[in-house]
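Single-structure report; data block below.
Any read-out appearing in this document is the output of simple, stated calculations on the displayed coordinates, not a laboratory observation. All figures in this text were calculated on a predicted structure; none of them were measured in a lab. Here the Cβ positions follow ideal geometry from the backbone for every residue, glycine too, while neighbour counts run over all protein chains shown.
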Amino acid sequence: MPGMPVNLLSLALSAVAAGVFFAVAAIAYLAVKYTPKIVRIFEDRPVFMPLRVEPIETGELVGFPADDGVRLSGSYFKTRTRERVGVLVYCHEFLSDRYSYRPYVDRLRDAGFDVFTFDFRNHGESETQPDYEPLQWVSNREQADLSGALRYLRSRGDRDPAGFGLFGVSRGGTAALFAAAAEPDVWGVITDGAFPTRGTMVHYIERWAEIYVRSERYLSLIPRWVFEILAWITRRESERRRGCRFLNVESAVSRLAPRPWLMIHGERDVYIGPEVARSLFSYGNGPRELWLVNDAKHNRCLERNPAAYAARLSLFLANYAPRRPLTADPVVQPVAVEIASSSTPVETSPVPA
């Protein structure tokens, strides 16, 4: 530092070096002491109640490879109208299967959409990969599955040159966000209960730290970036153990623009609280809407208000689908009026110029 005596400069540098040393030592201590506990919690499966739906129709049954060669099973359902206005790809939630598409998007076939739905690996009728045990956190394995599904759709003789819209529930929604940011022919994405890996981890590490660190004063001195480092170390350790890579969902959301995004989330979600959903939503910079559904729990927004749910999807697609949806369903118009007068909180981001 100019003008500072040599002895004072030496003391200042020594103090900085000591601070860095103690910071590194503290992080190393926390990592050694708490990473095994965090890994155990991270890899624990919550008690989910995945949606199971008996198929009324099976559609056109197809098989195709994921990007890494795992064989996957899917069903292609044609629109019930004479004219097709778009193709929607449905991504099911963790521990569910492809036939859970029906209550979410089957009615959109009456508005002119084809629907393609498939089983992620180790689910439904798709191949089980023995060396991979999937978790509720989206990984590069699910990324390979969805990428393979889109590649298959591009190979069809009836492929839509306008591309695809993606609809995903919970982990399937998270996979859809990542694919939407990476695949140029995705024109829009709808998620229900999607969540980030990094953001959810840090939220819970902060929330549960007081269980393991009894001193409130000590906890108050720990900056958030320390928890972020612990979460990063935990993910790397779990990736090593499981032979996969967990995806950076926040980064994907920041690259969604100009694709529109409708984010649906339960206001009473006890797994992924609304504050985590809002944080993920804030990373977006394109046309997007966050709909927090009153009194809905995780993955229960549809059953809480089916009419409003169907209308919200219809309005989003009317605005952003490559071709305007048909109005064959007489229920859509009166429900749209009901939404307009609803007090359900909605956050929107304007379409950039």
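Taking the beta-carbon count within 10 Å as an exposure proxy, list R324, R235 from fewest neighbours to most. Don't skip to the end; give the middle numbers.
Numbers: R324 13, R235 20.
Taking fewest neighbouring Cβ atoms as first place, the list is R324, R235.
A simple count of charges around R82, restricted to other residues whose Cβ falls under 14 Å of its Cβ and scoring Lys, Arg +1 and Asp, Glu -1, yields +2.
What relative contact order, as a whole-number percentage, does region 157-315 give when Cα pairs under 8 Å and 6 or more residues apart are counted?
Numbers: 252 pairs, mean separation 38.1, N = 159.
RCO, region 157-315: 24 percent.
Quick one: Debye curve from the C-alpha atoms of region 156-208, no solvent, what's log10 I(q)/I(0) at q = 0.20, 0.23, 0.27, 0.29 Å⁻¹? Evaluating at q = 0.20, 0.23, 0.27, 0.29 Å⁻¹ gives log10 I(q)/I(0) of -0.73, -0.85, -0.97, -1.03.
Across region 266-324 the C-alpha pair distances fall into 10 Å bins from zero in the proportions 21, 43, 33, 3 percent. For region 29-172, the fraction of C-alpha pairs more than 21 angstrom apart is 46%.
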